[in-house]
1. Could you run through the range B:467-516 and say how many residues are in contact with a Gly (Cβ under 6 Å, 6 or more places away or on another chain), modelled with pLDDT of 95 or more and not in a loop (DSSP other than H, G, I, E, B)?
2. Output yes when any residue across the range A:68-76 is surrounded by 24 or more Cβ atoms within 10 Å (Cβ to Cβ) and small (G, A, S), and no when none is.
3. For A:A47, are the conditions met, namely being buried (at least 22 other Cβ atoms within 10 Å of the Cβ) and more than 21 Å from B:P201 (Cα to Cα)?
4. Please count how many residues of the range A:26-48 are of a type in the set (S, T, Y), in contact (Cβ under 8 Å) with a residue 12 or more places away in the chain and facing another protein chain (nearest Cβ under 8 Å).
5. Considering only the range B:114-125, state which residues are crowded, with 24+ Cβ neighbours inside 10 Å and in a strand (DSSP E or B).
6. Within the range A:115-143, track down each residue that is touching a helix residue (DSSP H, G or I) at 6+ places or on another chain (Cβ under 7 Å) and more than 25 Å from B:Y26 (Cβ to Cβ).
7. What's the total number of residues in the range B:567-615 that are of a type in the set (V, I, T), loosely packed, with under 15 Cβ neighbours inside 10 Å and touching a residue at least 24 places away in the same chain (Cβ under 8 Å)?
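The values are calculated or read from the model by the stated rules, or taken from the named source; none is laboratory data. Source: prediction; values computed, not measured. Cβ placement follows ideal geometry from the backbone for every residue including glycine, while neighbour counts extend to all protein chains displayed.
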Amino acid sequence: MTKVTMNVNGRSRSGEVEGRTLLVQFLRETLSMTGTHVGCDTSQCGACVVHVDGQAVKSCTMLALEADGAEVTTIEGMTNADGSLGVIQQAFQDYHGLQCGFCTPGMVMSAKALLAENPKPSEEEIREYLEGNICRCTGYHNIVKAIMAASGQQVEPVAAE
Amino acid sequence: MPKDGGIGASTKRREDVRFLTGTGRYTDDINLPGQAYVHFVRSDVAHGRIRSIDPSTAEGMPGVLKVFTSKDFEAAGGIPCGWQITSRDGSVMQEPKHPILAEGVVRHVGDPIAAIVAKSREQARDAAEALEIDIEELPAVMNMREALKDGAPQVHDSLDSNLCFDWGFVEENREAVDTAIREAAHVTTLELVNNRLIANPMEPRVAIGAYDMAADSHTLYTTSQNPHVIRLLMGAFVLNIPEHKLRVVAPDVGGGFGSKIYHYAEEAFCTYAAKVLRRPVKWTSSRSEAFMSDAHGRDHVTKIELALDADHNFTALRTETHANMGAYLSTFAPAVPTWLHGTLMAGNYRTPLVYVNVKAVFTNTVPVDAYRGAGRPEATFQLERVVDKAARELGIDPVELRRKNFITEFPYATPVAVEYDTGDYHATLDKVLEISDWAGFDARLEKSRARGKLRGIGLAHYIEACGIAPSNLVGQLGARAGLFESATVRVNATGGITVMTGSHSHGQGHATTFAQVVADMIGIDASQVEISHGDTANTPMGMGTYGSRSIAVGGSAMVKATEKIIAKARKIAAHMLEASADDIELKDGAFTVAGTDKSLNWGDVTLAAYVPHNYPLDEIEPGLEETAFYDPANFTFPSGAYVCEVEVDPETGKVEVQGFAAADDFGNVINPMIVEGQVQGGLAQGIGQALLEACAYDDDGQLLSASYMDYAMPRAYDFPMFKVDSSCRTPCTHNPLGVKGCGEAGAIGSPPAVVNAVIDALHRAGHEIPHIDMPMTPNRVWSAIHGGAGPDKDGETMEERSVGA
């Protein structure tokens, strides 16, 4: 077992890990931060996306040891300072961009990374960017709308009453 | 309406906040003190005899607590099947035992052989590598028609054959249907495959068993759509635990789509092992494991014949289907190709004579059961494909052929034993033609042609039966369960309400919509109403969520319970206001004596119920809590019309969905935003089935599509923005909310619309292709255009190996 220390959502966190311990296991099991999810074992689904030193990473493809000393941001770190939903999170609620919620942490983290590199993405750019995030509930329709709305672009409102 | 949203409001979902902040509580997020971990050792062959299992090395590995085999479960029952089908000859279906761990024989890749429990997940996995299992591989049978031939490998030696049942419906119509088809002016015939799929909710299954020695009671945390059903099946049939000693909790569940209805061996294992080991036992499925242990869906091979008279009226319909059951009967497997399929074969049409024959077959594959739509997509697909083909053969407009044969008067008793209460099929058809801009297709076609692309447009109409179901009826049809739903409405002293429902939400948003209904009925804010579900310890016995039943059946139970609450509160108010209960009006959360300004707020009355100082104690009990069980009088019958528009690249065969429009009639709608979301998600699964998804086995029974590297899950770039409309509303006549259910429609109506569009595109380009099986991969489409020999000339690529075909 080896000790790793990383800054997670602004707090220094440490734990003992095996060489084979994945970053997602460290987050979920060692730190009990269960917001990051595991939906597959081949790095396809994207439910485990977190940011490591500002880059979106599938935390199931990275060893905890590799993140030693890194700045890690997870879904738990996405709210505003007062605990209210951040812009992307709020847009997902406003545009019904989630149903069962399981893929949602990864979707939000990927959306954050997308908007950091492309502040006004087109619908097509959003759909292409989400290649590594699978959602089985929404048909992606409202996820795409939520990300467009979070980027400040006009989108149609949700269903008329 | 409550200011924060009542019936009909697109209220934002309250459950979103925890899901968006990483504070949901899914089963895998639960860890119990001292828990151990189980790893299942699964068969890597499709069929084999277990010669020996030597656990000695594995047992000595670090952290290993116990190696379990079938010997440990000699006192346990098999995993039960919840529906019995009777064959045409009057015999009941063949029903083999489905053990928790394989008893001497493995019957599909993934069949669990042994289970290793260790102190850590890694230790259990490491020990699995050391478990010595000697298996004699036996010939396997994958193809259903092969399985029914003499001399075919037998999936179960204990059975007479691989035929589970041979069902005819309606058997008395058989000869009349045969005659009508023989004498018809025109008969259109189509043979097709409804491709095998894997549900793939994004949350893999998880089970945690725990045993409380002091109380001699068990708790199972599990990813289930129906915790009470699991408690009943596992307690009564598998482990012999009475229900008062067994609590089943299904907390936040990350999608189900049918695959989390069933009672699975892993649930029974963890519950049992926790008692043996005196510590909690946890299992978390890997995705690879999910592919070979979650029940699969669809897998029908069908021949359908539609007879028409000279005026193009449908006169008879005959279908023959082979339905794959897999190696064992999953919980509701026999109901899917029979009562959930045959009863829908009339579709939206006045066809007077229908005969459905289904042969259910055992093969060496993972068990097959309900997947979003369950039987109804299979019925809709074949019917809407054959109607389209008939229109093409007769040279008439597919829209007009449908219109000519639509049912227009309700209630309508079909020749397949169901009665549609309401519907307006012309209205949904008109609506979808409008929102899809059907009339403007030619201009878009020209633009596609200018780019060298083929373009087609396809229509499908659907009917489905939801709100399953009247218990006395399904009992006659072979169900071994009642299909009511329940709700307890608990009003607290200060007026806040907790509703405990037997329905289960795993993405449907019940916490929001159910609160909208109760709040609307009383006239208080929805924020005053909390919905509790998923724990058998604090909810009344309910049958759970599937078959688009939650609002129609669970919602109705909640309405009934709330009506009881209101009736009692009215009596309390009458006493306090010194008036007759008949004169008390409830509006906007206030009780008023009609025609006066004498009034009490909701909170005044609820407080009186629990502080009954001024209270009619000689007439009514204190407290304000009511339970209702609701058993529906009939199914509900949502319907709709879908239009798909595609572009096909003739150089590659790739199909691109350019537009998809859905016009649904769900009756009354509680929350339009959530309803539209349900349809959008269903469309993605249906389009996925049509273009991408296939569960593929090779001839030896190896599951080829056992990861997201191999199973084509739809991605965001596979779809355009959808046009979804639920404004056509003919309310259900037999439930109090007038609702029909919306969960499965998208997956039911979309596959035939997509295939009809692709076939249309090919025909417009001069390729007279009658049909292409799903998924319509580039290879299949290219091969169809270019006369059979695809880019892969040796025949089938992996995605083309549909099991049943």
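1. So the count comes out to 4.
2. No; the residues of the range A:68-76 include none that is surrounded by 24 or more Cβ atoms within 10 Å (Cβ to Cβ) and small (G, A, S).
3. no
4. Within the range A:26-48, the first condition is being of a type in the set (S, T, Y), and the residues that meet it are A:30, A:32, A:34, A:36, A:42-43.
Those left that are additionally in contact (Cβ under 8 Å) with a residue 12 or more places away in the chain: A:30, A:36, A:43.
Filter again for facing another protein chain (nearest Cβ under 8 Å), leaving A:36.
Summing the residues that are of a type in the set (S, T, Y), in contact (Cβ under 8 Å) with a residue 12 or more places away in the chain and facing another protein chain (nearest Cβ under 8 Å) in the range A:26-48 gives 1.
5. Once the filter is applied, which keeps residues that are crowded, with 24+ Cβ neighbours inside 10 Å and in a strand (DSSP E or B), the range B:114-125 yields B:A115, B:I116, B:V117, B:A118.
6. A:L115, A:N118, A:P121, A:E123, A:I126, A:R127, A:E128, A:Y129 - these are the residues of the range A:115-143 that are touching a helix residue (DSSP H, G or I) at 6+ places or on another chain (Cβ under 7 Å) and more than 25 Å from B:Y26 (Cβ to Cβ).
7. Quick first cut of the range B:567-615, residues of a type in the set (V, I, T) only: B:572, B:584, B:592-593, B:596, B:605-606, B:611.
Going one step further and asking which of them are loosely packed, with under 15 Cβ neighbours inside 10 Å, we end up with B:596, B:611.
Restricting the remaining residues to those that are touching a residue at least 24 places away in the same chain (Cβ under 8 Å) gives B:611.
Residues that pass the stated criteria total 1.
Quick grid of which residues meet (1) surrounded by fewer than 24 Cβ atoms within 10 Å (Cβ to Cβ); (2) of a type in the set (D, E):
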site	(1), (2)
B:A310	yes, no
B:G326	no, no
B:F332	no, no
B:A346	no, no
B:R350	yes, no
B:P367	no, no
B:E384	no, yes
B:G395	yes, no
B:L401	yes, no
